[in-house]
Amino acid sequence: MKLLYFAWVRERTGVHEETWSLPEGVTTVRGLIGALSGRGPGFAHAFADLKQIRTAVNQETAKLDDPVSDADEVAFFPPMTGG
Amino acid sequence: MKLLYFAWVRERTGVHEETWSLPEGVTTVRGLIGALSGRGPGFAHAFADLKQIRTAVNQETAKLDDPVSDADEVAFFPPMTGG
Amino acid sequence: MTVRVQRDDFDPGAELDALLAGRKDIGGVVSFVGLVRDFSDARNVGALTLEHYPGMTEKALAAIEAEALSRFDIQASLIVHRHGRMEPGERIVLVITASAHRGEAFRASEFLIDWLKTRAPFWKSEDTPDGPQWVEARAVDDAATERWS
Amino acid sequence: MTVRVQRDDFDPGAELDALLAGRKDIGGVVSFVGLVRDFSDARNVGALTLEHYPGMTEKALAAIEAEALSRFDIQASLIVHRHGRMEPGERIVLVITASAHRGEAFRASEFLIDWLKTRAPFWKSEDTPDGPQWVEARAVDDAATERWS
């Protein structure tokens, strides 16, 4: 799968874009965030407060319990501040 | 006094601007309109429906019972349709 | 904080640039441009002729603008209103309001254009298939003005 | 009915002219321009850097515009949003809505800018005396978006 990180989520993980294999048994955004949080202190810090995390699956806004598959593009970022 | 007429009030009276002497005893906009209405059929037609007449005294919106004097500039016109 | 009444057309982009030149305190600017449509109350119309009351017009526009400044937190504003004859598609009026906060700019802009419609001494005559016709004041415009009072 | 995401500045007057070229059915056009201010939450700030999510940004803006078209009676619209680094006084975003009736153009414009603030994948970082700081989402912007739902 393709993973993208923006703004301070990008800064904390230290990654902007990467290809990653969805771990077996992970089927939702929430599960994916849990798996990513175990990759190290930067990832743990980035995902520490789920209230501050927004997610898009295949470039559409997604919720924590929405499904993810290994073919998806999933992005993580803070609340949007455009306009 | 100076009298001005705009839009269909001007068309009906046939006058755009004129100098006129305020008749003795006339002290309000309402009285002035009454006096003007007696000047002929065009004036009578122009002022037939007071609901459709707006007035300005010295370039400020005025009400029917506001005072007028012979030194004033008084204008008559339909409801405004700008913008 | 400027009002102008003129026969000539205006350039909205140039007016906006002039109003904002050197400003760094403005977060949002709302511009409203009113245009001549080729229909009105479901009938086809041609050119529009706007009559006004020279002298009073400028005073009324300045009073309307002062009222907006007292009601809304705006840092800059401009009203330009044309008179004379205009073809469909031509610009009639420009209102620009600038504020640190966008909501205030939107409120002030709509307030100004609502008031202009019913409180500034302009009268529109439309060319119709039956000849020129004075535009009647619209209840919807009166209602739009009333909601601010 | 156009959206653009770009690094370069835009010209509001030229965009307005292009949107209205040849149109005679438009009675009112509302343009909103958002600008970089030199203060934010009462502290001085310098340049702003806008990060975005290429691909999703265009989709989100198109979806927001489609939502506006379904809710409001507008005949033409344009959204231009910049990304990258911008100094105080520079333009960030342009929203133009055109309608036969001015109220619809105002409603649609404010709807679009409210949604853009909280639903388009942009993130602002401000240069402050303490270094660059990510701008936090503002409760007032969430509330502004919520009132349309």
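Just so you know, all these numbers are worked out from the coordinates, no wet-lab data involved. All values derive from a computational prediction rather than experimental measurement. All Cβ positions, glycine included, derive from the backbone under ideal geometry; neighbour counts span all protein chains shown.
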Which of the pairs B:63/C:117; B:2/B:51; D:24/D:117; C:24/D:24; A:51/C:24 have their Cα atoms more than 27 Å apart in this structure?
D:24/D:117; C:24/D:24; A:51/C:24
Quarter of the surface of the C-alpha convex hull for segment A:4-55, i.e. direction-averaged projected area in nm², equals 3.4 nm²
For chain D, longest principal axis from Cα atoms; helix D:102-119 axis from its Cα atoms; angle between them, nearest 10 degrees, is 30 degrees
With viscosity set to 0.692 mPa s at 37 °C, what whole-number translational diffusion coefficient in µm²/s follows for the protein assembly as shown from Stokes-Einstein and a Kirkwood radius over Cα pairs?
131 µm²/s
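Give the calculated FRET efficiency between residue D:71 and residue D:6 to the nearest 0.05, with a Förster radius of 35 Å applied to their Cβ-Cβ distance.
FRET efficiency, residue D:71 to residue D:6: 0.85.
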For chain D: relative contact order, % (alpha-carbon pairs under 8 angstrom, 6 or more apart)
32 percent
Would you mind computing, in nm to one decimal, how far apart the modelled labels at residue B:24 and residue D:14 are, each placed 7 Å from Cα along Cα→Cβ?
7.3 nm
Between segment A:14-83 and segment D:60-96, the Cα center-to-center distance that results, in Å
27 Å
Residue order, fewest to most beta carbons within 10 Å, for B:11, A:24
A:24, B:11
Counting other C-beta atoms within 10 Å, which of D:125, B:69 has the fewest, and how do the rest follow?
B:69, D:125
Distance in nm between residue A:37 and residue D:90 label points, each 7 Å along Cα→Cβ, equals 3.7 nm
Along Cα→Cβ, 7 Å out, is where each label goes; now give me the distance between the ones at residue B:52 and residue A:52 in nm to one decimal.
6.7 nm
Shape category assigned to segment B:36-83 from the gyration tensor of Cα positions, a/c cut at 1.5:
oblate
So what is the 222 nm mean residue ellipticity for chain C from helices alone, if each DSSP H run of at least 4 adds -39500 (n - 2.57) and you divide by all residues, rounding to the nearest 500 deg cm²/dmol?
-11000 deg cm²/dmol
Can you pull a Stokes-Einstein diffusion coefficient for segment D:8-114 at 37 °C (0.692 mPa s), Rh from Kirkwood over Cα pairs, as a whole number of µm²/s?
221 µm²/s
Sequence-separation-based contact order of segment D:58-118, relative, with Cα cut under 8 Å and 6+ spacing, percent:
37 percent
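Can you give the FRET efficiency for residue C:25 and residue A:69, using 1/(1 + (r/R0)^6), R0 = 45 Å, r = Cβ-Cβ distance, to the nearest 0.05?
Efficiency, rounded to the nearest 0.05: 0.35.
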